[in-house]
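Data block below; observations after.
Here, each number is a calculation from the coordinates, and none is a lab measurement. Computed from a prediction, not measured in an experiment: that's the story for all the values here. Cβ placement follows ideal geometry from the backbone for every residue including glycine, while neighbour counts extend to all protein chains displayed.
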Amino acid sequence: MSNTIIHDRIEIRKHLIPYVFTITLPDEEFELGVRYNGQADMFTVSLSKGGELICEAEPLIYGMPLFADFFESGRMPPCTFIPLDESGIQQEVTWDTLENQVFLMIDNGGDYDVE
């Protein structure tokens, strides 16, 4: 028996950057804004709910949960977003690795719909 954890992926459409999209979690909708800094080869994600900005330009750092330092009860998503390579090969988020080996993941604690 395997202990492999399978996560749901949040697709980052690099060809649309900068852009904002909606993710629907159980009973709540959030907006994620994605930007890219080519000089630093770094992606950032902003979080809004109902048009209100909660967190701006959080860097996508491999293995680090997004928005972990910005917890506000009732305003934050009920799950964790984390950039990971489930194969364990890549260890950083770059233009070349994101959406190739590294993906923004959410846990499987519920049903989610990304638009």
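What distance in nm lies between label points placed 7 Å from Cα along the C-beta direction at HIS15 and ASN37?
In this crude label model, HIS15 to ASN37 measures out at 2.7 nm.
At a 10 Å Cβ-Cβ cut-off, how would you order ASP8, ASP96, fewest neighbours first?
In order of increasing Cβ crowding within 10 Å: ASP96, ASP8.
With labels modelled as points extended 7 Å from the Cα through the Cβ direction, what inter-label distance (nm, one decimal) is found for ASP69 paired with GLU86?
If labels sit at ASP69 and GLU86, their model points lie 3.0 nm apart.
Hey, got a sec? Which chymotrypsin sites (Phe, Trp or Tyr not before Pro) in region 1-80 land in a DSSP loop and have at most 11 other Cβ atoms within 10 Å?
Passing sites in region 1-80 are PHE71.
Can you give me the relative contact order of region 47-111 as a percent, contacts being Cα pairs under 8 Å and 6 or more apart?
Relative contact order here is 28 percent.
Need one number: nm distance between label points at GLU99 and THR22, each 7 Å from Cα along Cα→Cβ, rounded to one decimal.
According to this spin-label approximation, the distance is 2.1 nm.
Please compute the net charge surrounding THR44, taking Lys and Arg as +1 and Asp and Glu as -1 over other residues with Cβ under 9 Å from its Cβ.
Charge balance in the 9 Å sphere: -1.
Divide, for the chain, the radius of gyration over alpha carbons by 2.2 N^0.38 Å, where N is the residue count.
Dividing the Cα radius of gyration by 2.2 N^0.38 Å gives 1.04.
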